[in-house]
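Take a look at the structure set out below.
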Amino acid sequence: MNIKNRETAYDGYFKIYKLHVEQEGHTFTREQFDRGRAVAALVFDTVNEKYVLTRQFRVGSESELVEVVAGMIDEGEQPEQSIKREIEEEIGYEVDKLELLHTFYSSPGGSTEHVELYYAEVSHQRHEGGGNSHEHEHIELVRLSAEELDSLEFYDAKTIIAQQWAKLKRLQ
């Protein structure tokens, strides 16, 4: 597949491109949702021995979801800086330890979103968290034991990946 031309089809909160592609002598169009680079982290509070996740309304699912901490990488930021910032904004903790688990595309069939998923250990909560009001975030903290994390059914891919990683790590 060869991308011959890229046009901006929509430029709002998100961007959508119309791609003109060529493959095996055929030319056709595809839309591409330009989501950018994201970070996410399964956060473990080593003092309380609980995982700290978030609950918030998500436009895509049109529902509240329980998820790992996540956000977009701001221009000029390194991924490690971004996830530390997101952890502090969303759940109010400083990061003690950070480990990269996986990098992946969330939905490569039509989205550019590339996610770097981390495991983070924390021990000191500086403030309540809850997200940024200027971003219209309303985030509730969800604290789970390992057993609770294992038993819950999640609907978000990055959280499912983190959940499976935690299960496998405990089995080692």
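Values in this text are rule-based calculations from the coordinates and carry no lab data. Here the structure is a predicted model, which is why all the values come from computation and not from measurement. Cβ atoms come from the backbone with ideal geometry, glycine included; neighbour counts cover every protein chain shown.
Structure notes:
- Helix 79-91 axis versus longest C-alpha principal axis of the chain: approximately 60°, rounded to the nearest ten.
- Contour minus Cα-Cα distance for residue 49 and residue 150 (0.36 nm per residue): 34.9 nm
- Between residue 105 and residue 123, full extension at 0.36 nm per residue minus the direct alpha carbon distance yields a gain of 3.4 nm.
- By average C-beta atoms within 10 angstrom, highest first, the peptides 13-24, 49-60, 105-116: 49-60, 105-116, 13-24
- Our Cα-only numbers for the chain put the radius of gyration and Dmax at 18.1, 61 Å.
- Rounded to the nearest whole Hz, the Karplus-based 3J(HN,Hα) values (6.51 cos²θ - 1.76 cosθ + 1.60, θ = phi - 60°) of segment 98-115 follow the sequence 9, 9, 6, 9, 8, 10, 7, 8, 6, 7, x, x, x, 10, 7, 4, 10, 10, with x at glycine and proline.
- Gain on full extension, evaluated as 0.36 nm per residue between residue 63 and residue 24 minus their Cα-Cα distance, stands at 9.9 nm.
- Value of [θ]222 nm, deg cm²/dmol, for the chain, DSSP H segments ≥ 4, -39500 (n - 2.57) each, nearest 500: -6000 deg cm²/dmol
- With 10 Å bins beginning at zero, the pair-distance distribution over Cα atoms of segment 42-131 amounts to 16, 47, 31, 5, 0 %.
- Length-normalised contact order for the chain - Cα pairs under 8 Å, 6+ apart - percent: 22 percent
- 0 to 90° range, to nearest 10: angle between helix 157-171 axis and the chain longest Cα axis: 40 degrees
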